[in-house]
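Here is the structure we will look at.
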Amino acid sequence: MDIHELWSKIDWDKCERFVQKLQARIVKAQREGRNNKVKALQWMLTHSFYAKALAVKRVTTNKGKSTSGVDKITWSSPLAKAKAIFTLKRHGYKPQPLKRVNIKKKNGKLRPLGIPTMKDRAMQALYLMALDPIAETTGDSHSYGFRRHRCTHDAIEQCYIVLSRSVAPEWILEGDIKGCFDHISHAWLINNIPMDKEILRKWLECGYVFNGELFPTEEGTPQGGIISPTLANMALDGLQDLLEKSVKKYQVNYKKIVPKIHLVRYADDFIVTAKDKETIEQVILPLVRKFLAERGLTLSEEKTKITHINEGFDFLGFNIRKFRNNTLLTTPSKDAQKRFCEKIRKTIEANKCVKQKSLIM
């Protein structure tokens with residue numbers, strides 16, 4: 001087949017079916033503990049034409065399709081996309097440095113983004129197809145950020161399930177990890193993430209370019225990389241089981257009633273519930289700090305709080321609070337309401353001459 005016609009002739013349904021079958025086999029092998037089989041299936045997936053075509057399709061149809069990396073190249077034509085499929089090879093692959101840009105956070109601070117080149121993004125998308133089935137199989141049951149078929153509202157619903165009953169836990173640890181993406185230990189990722197170690201090491205150590213100067217990356221995984229959210233999630237997976245088992249052991253040793261400990265996590269924001277403040281201060285907080293330290297991470301002291309449910313707490317843009325009649329109410333947080341009103345205000349001010357009907361639309 002002529003390469004000029006290749007992109008338009010690809011059967012995308014066939015590509016999806018092929019990749020999904022391999023991913024299902026990876027999940028089965030992972031559950032059976034057959035690590036060598038998992039590696040073999042991952043190799044098969046990352047070297048297949050179908051997976052490579054889907055990886056190129058993903059990076060050329062998402063929001064960042066027009067954003068180039070340091071090489072200033074984008075794949076906009078069908079010919080460029082077809083040629084790109086055949087460049088996704090492990091042998092001789094060397095990622096280029098990231099393009100560093102800063103975007104404003106809602107608190108006014110700057111968040112650094114590392115933008116890979118199109119080829120590096122496609123390679124990440126390709127290897128993510130092989131890693132994602134494992135991440136979904138081994139992930140915490142109440143982790144909701146950057147996962148398929150899960151969203152913010154699922155996390156808020158789980159908070160309601162945990163806290164709405166009359167016998168529900170009353171104390172909440174509001175946890176926030178300081179610069180999660182920027183500080184994850186490279187050594188921990190390379191030793192614990194079940195994927196091609198050499199490729200992962202190259203991504204982690206590729207450096208970034210800012211104001212025309214090259215800087216090394218000695219820690220962290222870049223915000224802006226397709227595979228970064230999954231790597232961060234896998235680094236934090238295991239916290240839920242650790243807390244539940246350790247707190248039960250502590251309570252049994254001290255001959256107390258065992259409270260149900262709940263963790264609800266969305267990326268690097270999480271809450272942990274407990275029956276009393278003592279359990280959070282003496283058991284949960286030290287456990288969380290030790291767990292994070294092993295991964296090169298620390299809790300943000302200014303954002304990490306211990307709160308009673310009657311005072312209410314903010315989580316993922318919502319305020320959750322229980323009132324005296326034992327009613328749990330979930331409402332948009334004051335900051336979220338303020339941002340929403342500001343957005344409406346700016347829209348109205350920018351369209352003063354527009355008819356009312358058009359403005360509403």
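Think of each Lys and Arg Cβ as +1 and each Asp and Glu Cβ as -1; about the Cα centre, that makes the dipole of the chain roughly 840 debye.
Quick one: of K65/K106; K63/K99; K14/K83; K105/K197, which pairs are farther than 27 Å apart, Cα to Cα? Correct reply: K105/K197.
Just the number, please: carbon plus sulfur as a percent of the accessible area of the chain, 1.4 Å probe, no ligands or DNA/RNA counted.
For the chain, the apolar C and S fraction of the accessible surface comes to 52 percent.
What list of ³J(HN,Hα) values in whole Hz, one per residue of the stretch 300-312 in order, does the Karplus curve 6.51 cos²θ - 1.76 cosθ + 1.60 (θ = phi - 60°) give from phi, with Gly and Pro shown as x? Karplus values, whole Hz, x for Gly and Pro: 6, 5, 6, 9, 8, 9, 10, 10, 8, 4, 6, 7, x. Once the Cα atoms of helix 12-31 and of the chain are each reduced to a long axis, what angle between those two axes, in degrees from 0 to 90 to the nearest 10, is obtained? Long axis of 12-31 versus the principal axis of the chain: about 50 degrees. Straightening the chain between R148 and E342 buys 66.7 nm, computed as 0.36 nm per residue apart minus the Cα-Cα spacing.
Counted residue by residue at 0.36 nm each, then reduced by the alpha carbon distance between them, the extension gain from N326 to V354 reaches 5.4 nm. Report, in whole Å, the centroid distance computed from the Cα atoms of the stretch 293-342 and the stretch 137-182. One Cα centre to the other: 12 Å. Using the Karplus relation 6.51 cos²θ - 1.76 cosθ + 1.60 with θ = phi - 60°, the per-residue 3J(HN,Hα) values for the stretch 150-159 come to 10, 8, 4, 5, 5, 5, 5, 5, 5, 4 Hz, with x marking Gly and Pro. The figure for V354 is an accessible area of roughly 60 square angstrom, using a 1.4 Å probe on the protein chains alone. Rounded to the nearest 20 debye, the dipole size of the stretch 98-144 about its Cα centre is 660 debye, using +1 on the Cβ of Lys and Arg and -1 on the Cβ of Asp and Glu.
Modelled label positions at D2 and W43, each set 7 Å beyond Cα in the direction of Cβ, lie 3.8 nm from each other. May I ask you to derive the FRET efficiency for W12 and E301 from their Cβ-Cβ distance with R0 = 56 Å, giving the value to the nearest 0.05? So, using R0 = 56 Å, E works out to roughly 0.70. Once the dipole of the chain is set up with Lys and Arg at +1 and Asp and Glu at -1 on Cβ about the Cα centre, which of N325, L126, G92 lies farthest towards its positive end? My answer, from the dipole projection, is L126.
Mind checking the full-extension length gain between K94 and T138? Use 0.36 nm per residue of separation minus the Cα-Cα distance, one decimal, nm.
Length gained, K94 through T138: 12.9 nm.
Dividing the summed helix terms, -39500 (n - 2.57) for each DSSP H run of n ≥ 4, by the number of residues in the chain produces a 222 nm estimate of -14000 deg cm²/dmol to the nearest 500. Shown here for the stretch 254-314: GluC sites (Glu not before Pro) in loop regions (DSSP other than H, G, I, E, B) with at most 13 other Cβ atoms within 10 Å, namely E294, E301, E302, E311.
Only protein heavy atoms count here; on that basis, with a 1.4 Å probe, E16 has an accessible area of about 80 Å². Once the 1.4 Å probe is applied to the protein heavy atoms, the stretch 280-352 comes out at 67 Å² accessible per residue. Of A350, A84, A135, the residue with the greatest mean-square motion in the GNM of the chain, using alpha carbon springs below 10 Å, is A350. Annotation note: chymotrypsin sites (Phe, Trp or Tyr not before Pro) in the stretch 150-257 located in DSSP loop regions with a Cβ neighbour count of at most 16 within 10 Å are Y254.
The candidates K334, K57, K305, arranged from most to least accessible area with a 1.4 Å probe in the full protein assembly, appear as K334, K305, K57. Among the chymotrypsin sites (Phe, Trp or Tyr not before Pro) in the stretch 27-89, those placed in a DSSP loop whose Cβ has at most 13 other Cβ atoms within 10 Å are F86. Taking amide H as placed 1.01 Å from N in the peptide plane, the amide H of Q223 sits under 5 Å from that of G114, each at least 5 places away or on another chain. For the stretch 242-361, the equivalent ellipsoid built from the Cα gyration tensor has semi-axes of 41, 18, 10 Å, listed from largest to smallest. In vacuo Debye scattering of the chain, one point per C-alpha: log10 I(q)/I(0) at q = 0.06, 0.14 Å⁻¹? Log10 I(q)/I(0), no solvent term: -0.28, -1.26. Taking 12 Å as the cut-off, no amide N atom of the stretch 300-317 comes nearer than this to a point 7 Å along the Cα-to-beta-carbon line of I161. Principal-axis analysis of the Cα atoms of the chain puts helix 239-253 at an angle of about 30° to the longest axis.
The values are calculated or read from the model by the stated rules, or taken from the named source; none is laboratory data. This one's a predicted model, so the numbers in the text were calculated from it and none came from an experiment. We place every Cβ from the backbone using ideal geometry, glycine too, and count neighbours over all the protein chains shown. These area figures cover heavy atoms from the full protein model, side chains too; ligands, DNA and RNA do not enter into them. Shrake-Rupley method; radii C 1.70, N 1.55, O 1.52, S 1.80 Å.
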